[in-house]
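Remarks on the structure that follows.
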Amino acid sequence: MSTSARVRADACPGVFATHDAADGPLARVRLPGGAITKDQLRVLADAADDLGDGALHLTSRGNVQLRGVTRPGLASRLSAAGLLPSPSHERVRNILASPLSEVAQRLAPALDKALCAVPELAELPGRFLFAFDGGRGDVAGEGADVCWRDGALLLDGTDTGLRITTENAVEALISVARNFLRVRGTAWRISELPATEPLLRDIPGETVKPQTFATKPGLPIGPLGDAIGVAPVFGRLTSGQARQIAKAGDAVVTPWRSILVRGKLESRTGLITDPQEPALGVSACIGRPGCAKSLADVRADAARIGRTPRAHVAGCERRCGKPAHEHVDVLATEDGYLVDGAWVPVGELAKTLAEKGTQ
C-alpha cells in the first residue's frame with residue numbers, strides 16, 4: 001500500500017456542502033445500503049422537480065445526486081423524510097450493502113445508526129467507504145475501505161484473516177473507522193496507509209489464513225421473484241420514473257446505477273428491464289454541459305454506442321463514476337476519444353468499441 005500526502009481538503013459534496021457544477025449546485029444524498037422507502041423516493045422526486053433539474057442521478061456508491069439545486073429548502077425536506085438523520089455526519093454515511101442479501105440490508109442501517117452516534121466519526125473523510133457483502137461477492141469488489149463479507153473482514157478489498165460474527169459486524173467496522181482516525185495523518189482512504197495492522201487493534205474475532213475471494217458485481221436486471229432489477233439510462237432517473245418506482249414499492253439503489261424495485265412495476269417506464277440491452281454495457285460521466293471540465297458531451301456520444309464490452313466514457317482525466325472493475329477506458333480529447341489509450345475520431349467510436357467485443 002502506498003502512502004499519499006493530501007494537500008487539499010476533502011471536498012466530497014453533501015447536502016450542506018454542495019459542489020458548484022457548471023449546471024448549478026450539486027447535492028449528494030447518502031442512502032446507507034442503498035435502501036429507500038417509497039415515501040422517501042417521492043420526496044426526492046418532488047425535490048428534483050421543485051429545487052433541481054427534475055432528475056435523480058444515481059452514483060457508483062449507491063447514493064443519489066440532485067443537480068442544479070438553485071432554490072432553498074432541500075435540507076428541511078430530507079430531514080422530515082428521515083434522509084438526513086445527522087447533519088454532522090451526513091457526508092460520512094457511505095455504506096454499501098448487497099441488494100439481495102437480507103443480512104447485509106439489515107446491517108447497513110444498524111451501522112448508520114451506530115456511526116451517527118459516535119461524534120468523533122463525523123471527522124472521517126467523505127470518501128471513506130463501508131460495505132456489507134452477504135457472500136455473493138457483489139459489493140466486496142467495489143473499493144470499500146472496510147468490508148464485512150459473510151463473516152470475513154476485508155480492508156481495502158484484502159482479507160485480513162479475521163472472522164467476525166454477524167452480531168459483532170457493526171461494532172467491528174466502527175472500531176476500524178475509529179482506529180483509522182487515530183493513524184490516518186492526511187490520508188483519506190485505507191489504501192493510502194503504510195500498514196493496516198493498527199486498524200485491527202482491539203477487534204475480537206477468530207483468526208484464520210486469509211483467503212482470496214471472487215467477486216461478481218452487478219444486480220441482475222429483470223424479474224427477481226417478487227422484485228425486479230431495473231436501470232435508468234446512464235443512471236439518470238427522471239422524477240416521473242422515480243414516482244413509478246415508488247408506486248410499486250420500496251427500493252434499493254445499487255452501486256451499479258441500477259435499482260432493485262420491491263414490487264410490481266408498470267411496463268412502460270423507460271427503464272431498462274432487459275439484461276441483453278446494449279446500453280447496460282456503457283456508463284458515462286455527466287459531461288458537457290453539466291461539467292465545465294469535460295471536453296465533450298460524452299452522454300450524447302455514448303448514446304450512439306451499440307453492443308460493447310463494459311466501457312466507461314469520461315469527459316476528462318478525473319474519470320468520474322468509472323466502474324471499480326475491468327472496463328474499456330474511453331476518454332474525451334479536444335477532437336475525439338482515447339480508447340484504452342488509442343485515439344479514435346467520434347464517428348469511429350461505436351465501431352471501435354464493437355470490434356473490441358470480438359477480440
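A short reminder: the numbers here are calculations on the coordinates, not readings from a lab. Note that the coordinates shown come from a computational prediction; the quantities given were computed from them, not determined experimentally. Cβ coordinates were reconstructed from backbone atoms using ideal geometry, including for glycine residues, and neighbour counts include every protein chain displayed.
Structure notes:
- Equivalent ellipsoid dimensions for segment 201-359 as semi-axes, Å, which come from the Cα gyration tensor, largest first: 29, 24, 16
- Normalised by 2.2 N^0.38 Å, with N the number of residues, the alpha-carbon radius of gyration of the chain equals 0.97.
- Tail weight of P(r) past 18 Å, computed on alpha-carbon pairs of segment 150-250, percent: 63 percent
- Cysteine residues of the chain whose Cβ has no partner cysteine Cβ closer than 4.7 Å: Cys12, Cys116, Cys147, Cys291, Cys316.
- Pairwise centroid distance, computed over Cα atoms, of segment 154-186 with segment 308-333, Å: 30 Å
- Between segment 87-134 and segment 334-359, the alpha-carbon center distance in angstrom: 39 Å
- Computed from the C-alpha gyration tensor, the three semi-axes of the ellipsoid equivalent to segment 278-356 are 17, 14, 11 Å, from longest to shortest.
- For Val253, Val346, order by how many other beta-carbon atoms lie within 10 Å, fewest first: Val346, Val253
- Whole-Å distance, taken between Cα centres, linking segment 8-69 and segment 254-279: 20 Å
- Unsatisfied cross-links (Cα-Cα over 32 Å) in the set Lys38/Lys356; Lys247/Lys351; Lys209/Lys356; Lys216/Lys351; Lys216/Lys247: Lys38/Lys356; Lys247/Lys351; Lys209/Lys356
- The helix-based estimate of mean residue ellipticity at 222 nm for the chain, built from -39,500 (n - 2.57) per DSSP H run of four or more residues and divided by its residue count, is -6000 deg cm²/dmol to the nearest 500.
- Cross-link reach is defined here as a Cα-Cα straight distance under 26 Å, omitting same-chain residues fewer than 8 places apart; for Lys293 the lysines meeting it are Lys322.
- Likely footprinting exposure, Arg307, Arg318, fewest C-beta neighbours within 10 Å first: Arg318, Arg307
- The C-alpha radius of gyration of segment 86-217, expressed as a fraction of 2.2 N^0.38 Å, stands at 0.96.
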